[in-house]
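The values are calculated or read from the model by the stated rules, or taken from the named source; none is laboratory data. For clarity, every value in this text was computed on a predicted model and none was experimentally measured. Note that each Cβ is placed from the backbone with ideal geometry, even for glycine, and that neighbours are counted across all protein chains shown.
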Amino acid sequence: MRLYAQLAAMVALGLFDGIGIYMLAPMLGLLGLLGDGAGGTGSLPFAGEALAMLRELPANLALPVLLAAYVLIVTLQSLLQRAQSIRGTRLQQGFIRHLRLSLYASLMRSDWIFFLRRRRSDFHHLLTSELARVSQATYLFLQLASSVAFTVIQIGIAFWLSAKLTAVVLASGAAIAIFMRRKIRRAKEVGNRTSELSQQYYAGLTDHFNGIKDIKSNRLEDSYLDWFRGLTGRMEANFIAFARLQATTSSLYKISSAALIALFVYLAVETLHVGAGELLLIVVLFARLWPRFAQIQSNAEQIGSAIPAFRSLRELERECAVARESGAGDAGVRAEGLDVKTGIECRHVYFKYDGDASADYALRDVCLRIPSGKMTAIVGKSGAGKSTLVDLLMGLLEPERGSVLIDGLPVTGERRLALRHAVSYVAQEPFLFHESIRDNLLAVRPEASETELWEALRFSASEDFVRRLPEGLDTVVGDRGVRLSGGERQRLVLARAILRKPSILVLDEATSALDTENEARIQEAIDRLKGKMTIVVIAHRLSTIRGSGSSRRHGAGRGDRSGRRPSGRAGRTFRRRRRRMAGRRQINATARAGPLAVNYGRDSHASERYIR
Ligand SMILES: Nc1ncnc2c1ncn2[C@@H]1O[C@H](COP(=O)(O)OP(=O)(O)OP(=O)(O)O)[C@@H](O)[C@H]1O
């Protein structure tokens with residue numbers, strides 16, 4: 001509706017402008033510059049009548065009345081123009097915000113695998129640079145619509161004044177427009193290149209600043225500078241190519257305009273014998289119209305160059321729609337956290353990252369059970385698939401075959417979201433927002449009280465160091481928490497995870513950056529959580545898990561709690577199992593408090609063993 005109102009305003013503006021110009025005729029007639037006869041105002045519709053009416057007024061009033069009418073028309077036109085320009089900006093910004101929102105929401109609702117397959121910098125690029133190009137193009141589109149409406153009205157007026165002359169001008173205009181279509185195609189090519197180059201620019205910058213420590217410590221600055229110099233050179237050349245294209249079309253329009261006016265005057269005077277009033281108005285109209293043609297062309301070129309950016313945005317939105325998580329953002333679906341009563345189970349789960357048939361499985365035929373309210377550790381060497389397994393357990397990934405069950409029910413659709421609502425995850429590389437410690441903690445539970453914040457900090461052995469900071473809870477942690485040590489970051493992220501009071505706590509090598517003392521404190525705290533929540537711990541080595549020396553250690557290829565190899569019957573079983581597992585990639589999951597151990601190898605049949 002707003003767009004239609006805007007178009008109606010554009011038409012009105014064109015009419016006002018035409019009337020303004022048309023008023024020149026009686027004005028000139030009144031001043032005696034145009035005759036009354038067929039060659040003067042007499043040849044113009046209404047102009048002769050208007051002049052006759054003005055002449056009936058007292059002599060000293062005619063000119064002021066005419067001038068006042070002129071000022072009124074121009075004032076109305078300006079007021080309309082003002083309203084139209086504000087409405088135009090509203091329309092443009094409304095459209096851009098809608099695009100921004102729908103793209104961001106689509107990204108947020110896409111599944112995890114979608115993010116694993118895409119480069120993050122592409123999202124930044126699309127949501128900033130490409131969106132800015134689309135925003136500019138939207139503004140130009142409105143301007144173009146306004147120019148077209150204006151032009152059509154003025155051509156209508158010109159037709160009314162002199163159909164023959166207008167037909168000549170329009171035919172020339174059409175010929176030029178056909179010729180100029182090539183320029184619009186060329187503008188699209190330049191636009192494609194702009195998209196590619198700015199995508200490379202964003203991706204490069206993101207990578208380089210993420211890896212700035214490596215660059216600085218390995219003295220790689222010069223090679224990155226060379227890359228930057230090369231890319232910015234190409235961007236500059238591309239920009240100049242576009243400016244050249246625009247300058248060429250603009251000068252072509254100007255030259256053709258001069259040639260046309262010359263032809264036009266010649267035809268009017270020598271062949272068509274047009275009257276002076278008519279000729280004057282048509283020349284004024286076209287002198288004003290021609291720049292509009294040029295502007296339409298220039299706008300069309302710029303819009304053409306932004307079309308690739310618009311296409312990329314639509315394409316991303318389409319991809320997000322395909323990757324949309326079921327239940328995510330649906331009206332009425334309110335994900336409440338699941339309460340795990342008996343446990344989480346994997347039944348013959350297969351998973352691979354690449355959809356390709358020849359791609360290797362990251363997990364093959366995995367069966368395991370994680371009892372609720374206890375702590376389960378998943379142990380295996382690097383690349384064994386621990387993180388993948390945990391992502392499946394958290395409902396971030398879906399198995400290609402097999403199923404993940406909570407309390408015996410498969411995790412699909414809404415239950416997947418509910419499961420994630422119940423999980424607190426502490427990643428291998430802890431992430432903190434560039435905000436205060438308080439804000440970082442409140443991000444997961446805005447209603448948490450000061451006491452709860454300190455409790456969580458105490459739990460994660462962070463209380464002492466936070467109290468020592470000059471601004472305490474209000475200390476800003478820096479970009480990704482750069483102002484804190486790795487261990488401090490890990491402890492804060494752990495505090496944040498606990499603050500959510502999850503029913504499942506997943507710790508992915510969460511104590512790897514801690515010294516022995518702090519690790520022991522955290523493990524004591526985790527011990528206290530047992531029975532209150534289900535805890536899943538990922539570790540490279542069994543030794544990472546507290547009490548591996550003092551508690552039971554399970555899994556093929558390992559000795560008993562004293563570190564000695566078992567002898568007798570147990571020893572034979574132990575050696576047999578070790579031989580069977582030799583050469584296989586394996587994961588051992590040990591339940592400290594429970595009797596569960598899981599062993600499986602990439603090429604073996606999954607086996608689930610209960611020890612004791
Ligand atoms: N995003 C991904 N795309 C493709 N393959 C992946 C991806 N992430 C992991 N993989 C592959 O899946 C396998 C298991 O990886 P995963 O990260 O689960 O192992 P991990 O046991 O957690 O390793 P680490 O202890 O080193 O973190 C590896 O072979 C890895 O190369």
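Which numbered condition in (1) in a helix (DSSP H, G or I); (2) exposed (fewer than 12 other Cβ atoms within 10 Å of the Cβ) is the only one that R219 fails?
(1)
Could you please let me know if E398 is assigned to a loop (DSSP other than H, G, I, E, B), of a type in the set (D, E) and within 14 Å of the ligand (Cβ to nearest atom)?
Here the answer is no, as E398 does not meet what is asked.
How many residues does the range 445-490 hold that are within 16 Å of V426 (Cα to Cα) and in contact with a Lys or Arg (Cβ under 9 Å, 6 or more places away or on another chain)?
Going through the range 445-490 one residue at a time, the tally reaches 10.
Please work out which one of (1) crowded, with 24+ Cβ neighbours inside 10 Å; (2) under 19 Å from T342 (Cβ atoms) is the condition S403 fails and give its number.
Answer for S403: the failing condition is (1).
Within the range 378-395, track down each residue that is touching a Lys or Arg at 6+ places or on another chain (Cβ under 6 Å), within 11 Å of the ligand (Cβ to nearest atom) and part of a loop (DSSP other than H, G, I, E, B).
Passing the criteria: only A384.
Only one of (1) modelled with pLDDT of 85 or more; (2) among the β-branched types (V, I, T); (3) not assigned by TED's automatic domain parsing to the domain that holds S424 is not met by V333, so which one is it?
The one condition V333 does not meet is (1).
Might you check whether a residue that is of a type in the set (D, E, K, R), within 38 Å of the chain's Cα centre (by Cα) and at positive phi occurs anywhere in the range 234-256?
No - not one qualifying residue is present in the range 234-256.
Give me a count of the residues in the range 421-448 that are away from the ligand (no atom under 16 Å from the Cβ) and surrounded by 20 or more Cβ atoms within 10 Å (Cβ to Cβ).
7
Those residues that are farther than 21 Å from A323 by Cβ, more than 8 Å from the ligand (Cβ to nearest atom) and either of a type outside the set (S, T, Y) or in the same structural domain as R109 (by TED's automatic domain parsing) (or both), I need them from the range 350-377; list them, please.
Correct list: R364, D365, V366, C367, L368, R369, I370, P371, G373, K374, M375, A377.
Being assigned by TED's automatic domain parsing to the domain that holds V506 and either farther than 17 Å from A427 by Cα or at pLDDT 85 or above (or both) is true for just one of G402, G380. Which residue is that?
Result of the check over G402, G380: G402.
Name the single residue, out of those in the range 233-275 being β-branched (V, I, T) and not in a loop (DSSP other than H, G, I, E, B), that is farthest from A287 (Cα to Cα).
Restricting to residues being β-branched (V, I, T) and not in a loop (DSSP other than H, G, I, E, B), the top hit is I240.
For a quick check of your reading of the model, give me the residue pairs whose first member lies in the range 410-430 and is touching a residue at least 60 places away in the same chain (Cβ under 8 Å), whose second is among the basic types (K, R) and more than 16 Å from the ligand (Cβ to nearest atom), with beta-carbon atoms closer than 7 Å and at least 6 apart or on different chains.
Short answer, once both residue conditions are applied: S424/R500; P430/R489.
Within the group V134, V74, which residue is surrounded by 12 or more Cβ atoms within 10 Å (Cβ to Cβ), touching a Gly at 6+ places or on another chain (Cβ under 7 Å) and assigned to a helix (DSSP H, G or I)?
Going through V134, V74 in turn, just one is surrounded by 12 or more Cβ atoms within 10 Å (Cβ to Cβ), touching a Gly at 6+ places or on another chain (Cβ under 7 Å) and assigned to a helix (DSSP H, G or I): V74.
Have a look at Q295, Q199 and point out the one that is more than 28 Å from M23 (Cβ to Cβ), touching a helix residue (DSSP H, G or I) at 6+ places or on another chain (Cβ under 6 Å), in the same structural domain as G173 (by TED's automatic domain parsing) and surrounded by 16 or more Cβ atoms within 10 Å (Cβ to Cβ).
Selected residue: Q199, the only one of Q295, Q199 that is more than 28 Å from M23 (Cβ to Cβ), touching a helix residue (DSSP H, G or I) at 6+ places or on another chain (Cβ under 6 Å), in the same structural domain as G173 (by TED's automatic domain parsing) and surrounded by 16 or more Cβ atoms within 10 Å (Cβ to Cβ).
Go over the candidates V404, V340 one by one and state the one that is assigned to a loop (DSSP other than H, G, I, E, B) and of a type in the set (A, V, I, L, M).
Just a single option satisfies the conditions, and that option is V340.
Considering every residue within the range 451-472, establish whether at least one is in a helix (DSSP H, G or I), touching an Asp or Glu at 6+ places or on another chain (Cβ under 9 Å) and among the small types (G, A, S).
No, the conditions are met nowhere in the range 451-472.
Looking at (1) surrounded by fewer than 21 Cβ atoms within 10 Å (Cβ to Cβ); (2) among the β-branched types (V, I, T); (3) within 11 Å of the ligand (Cβ to nearest atom), find the lone condition where T412 falls short.
The single condition T412 does not satisfy is (3).
Just need a number here: residues in the range 80-113 that are surrounded by fewer than 13 Cβ atoms within 10 Å (Cβ to Cβ) and among the charged types (D, E, K, R).
Count: 3.
Taking the range 222-240 as the region of interest, how many residues are charged (D, E, K, R) and surrounded by 13 or more Cβ atoms within 10 Å (Cβ to Cβ)?
1
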